[in-house]
Structure formats: C-alpha cells, structure tokens
Amino acid sequence: MSPADDRADDRADDRAQDQPTPAWVADPSIGWRILLTARTDIEGVEALLRERSVALARAQGWPALPPPRRDSSLAGLRASLVAPDPAPLLVGLAEDHVVLSAHHSAVDGLGLLAVLDRLGLGPATSSARGVGERTTTGSAARTVAARLGEVAFAPPAGVTPPVPGRPGTGDVLVGRTVPGAHRTADLVAATAQAVVAHERARGRRARHVAVAVGAVREQAGEGPVRDRSVLLRLRDVERLDPAGVARALATAPVQTPPVPAAPRPWSPAVNRVAALGMRLLARRLGSTVLVSHLGSVEAPRVQHLAFHPVTAGGSGISLGAVGLRDASGAVGETVLTLRARAADWNDDGLEQLLEAVISLL
C-alpha cells in the first residue's frame, strides 16, 4: 500500500469513529456482538467496573453505558449479552465471572483485551500480531461478484444441523478447556476435518470447505479502542494439512468488506444490491465456519478467559480460541468455544462438533 492509501484508511477510520453504528452490509437479524468472559477474584469488582465504564465511555465518545448486569447464571448472562443491542459495550457479572459484550462495529476481539485493561482488570496483552499492509481482494463490487460466482459454481460446504428447523432464537454457546497452546493453522485444519467427518456421518460430502479467519491490521495501542478487524478466507481447506493451512494463511489477501470505506457516487446502489444479495443468499455466500484466535494472553489478574466471535452467514458457526499464560510465561491452557444459531443447533450437537475438533488437534 502507498502512503496515500494509508491516509485514505486513516480518514475512513476517523469516519468510522464518528459513526458508532455504521450501515454494515450484514444480516440485520444477527446481534453482531462478541463476548469475552474472564474469571477474576478482584474484590469490589462491580464498583470498579461501574466507575471505569463511565470513564471509558467518556474517553471513547460513546453514549453513557448501562450499569453492569447481574445474573446468578453465567449461561443466562451470556445469553442476554449476545442478544441484538446497539450499545458499543455491555458489561455483566455472574459470580466471579465478568463478561464483556461489544458490538463488532465498535470493538474487535483483541480490542476486548484492551477494554478489559481499561476497566481495571488488566494488564491483558496478547502474542497475536496484525497482518500489516497485506494486499486486499479488490473493490467492494469485485468482492460481491466473486461471492456470487461461488454460489453459482462452487458454493462453500455447509454443516448439517442435528435438529434442522427447531424453533429458537439467539445463539448456542459451548466451550472446553484443553491443555497447552494451539496455533491458528492447527485449529483451522482440525475444524475443517471435523466438518468433513460430521458430514460423512450423515451421508454427505463436505466439498469446498471455506474457513474465514479473523485477524487485525494491528493491535490496539494507547488511543481509542475501535474495530481494526480484517478477514482472511481460505477455500478447499479439507484438502490441506496444518502446514498447508499455515502457508495459505501467510499469503491470503485481506477480504474487502462489501461496503466501500469511503462514499462514492455509486455507493448507495452497490450497497442496496449487496445488502439484498447477502440477505437472500446469506446461507450460501458465507463461509463454512469462522475461526478467531486471540493468541496467547498474559493477564495476571485473570484466572480464565473465553472468547466467542460473531456468528453470521454461511453455516453460522464460529470457533473462538484464547490461550492463557501462567506465571512462568508458558501457555498452560487454551479455551476453545463454538457458537451457532439456536434455531439450528442445541448444546449436545454443538458439543459433539467441538469434541470432534479437539480430537483432531
């Protein structure tokens, strides 16, 4: 990218800060909220969160945030915090767990670690690094055309729900803690093979497994927290081993979002067409699964971390991962999560899929 491109990106970022709820070309039925759960034994944590939330909203230029929510059940708290809500940040408490829920237009996954720090539960630093000045897939119109071409000639594999058509709203969230550190490439490869096995058990063939991988251009610094996220996308992952996935991730271009970063005379027409297309074809335009890894995190005041990325488009399944370093600096454990639509999945079915991923690591 040239210096001119960098300045254009900076101007687009400034506009995004002025518009806390941008008109994303996205499924409006999705809450677009990401969750970070932290277990901590800090005394007086509710008063601390209440005080720091006020200061954070003021520093960010956000509207006043609601007070922390209380729930006796962690599952109940998470269910309420993934529901659609325009607030840039919601905070909840369930016993010794703190749950942060951010709208993805305001905060990305690594940004949640910065929020955790600014709410007084830090420091919280990650080994994850941004993708830097990587090339993109081209214009917004080109992105839309490429996705429509996929639908016509090689649609991404789906993941057959165990109970199709079951009425339900919201999302199903499951998680498991596994020992040691696990690379993103290993998680992507294991997830793809778990999808293949899942479909084979149901008499189906998983072809063109597409994995969207969440990343950032760069980590959040001392300035405002915002959404710095980008998306890498791999296709036909079922054909790759972990080494092949690692090579593909190292060279994959950043996916251009379907909405132009800067307004153009033709932007309204492109937005309308893209919005209609994505709404009608969301299940076929999206990826088979989203994988988002927050890296190895050092957070001395936290005993446990879990991350739930967004779920939208395609199969509506996302895998989140975060490793937590112990006092020696080694990653003692990694928490893996799966998130899916409650209309398609129940806890048992999603836990079985997660177990399959873990067995393949």
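Values in this text are rule-based calculations from the coordinates and carry no lab data. Bear in mind the structure is a predicted one, so any value in this text is a computation, not a measurement. Here Cβ is always computed from backbone atoms with ideal geometry, including for glycine, and neighbour counts include all displayed protein chains.
At a glance:
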| item | result |
| --- | --- |
| Spacing of the two label points (7 Å from each Cα toward its C-beta) at Gln352 and Arg207, in nm | 2.5 |
| Order by protection proxy (mean Cβ within 10 Å, highest first), peptides 85-97, 199-211 | 85-97, 199-211 |
| Selected from His97, Ile42, Pro68, residue furthest toward positive end of dipole (the stretch 35-99; charges at beta carbon) | Pro68 |
| Per-residue ³J(HN,Hα) for the stretch 45-57, Karplus 6.51 cos²θ - 1.76 cosθ + 1.60, θ = phi - 60°, Hz, x for Gly and Pro | 5, 5, 5, 4, 5, 4, 5, 5, 4, 5, 5, 5, 4 |
| Amide H partners (placed H, <5 Å) of Arg217, local residues excluded | Val131, Val230 |
| For the stretch 32-87, convex hull of alpha carbons as volume per residue, Å³ | 100 |
| Förster radius 25 Å - calculated FRET efficiency between Glu133 and Ala154, Cβ distance, rounded to 0.05 | 0.25 |
| ³J(HN,Hα), Karplus 6.51/-1.76/1.60, whole Hz, each residue of the stretch 118-124, x for Gly, Pro | 6, 8, x, 9, x, x, 9 |
| Within the stretch 171-190: backbone nitrogen closer than 17 Å to the Ser72 label point (7 Å, Cα to C-beta) | none |
| Distance in nm between pseudo-label sites at Ala197 and Arg176 (7 Å out along the Cβ direction from Cα) | 0.9 |
| ³J(HN,Hα) computed for each position of the stretch 207-217 - Karplus, 6.51 cos²θ - 1.76 cosθ + 1.60, integer Hz, glycine/proline x | 10, 6, 4, 10, 10, 8, 10, x, 8, 9, 5 |
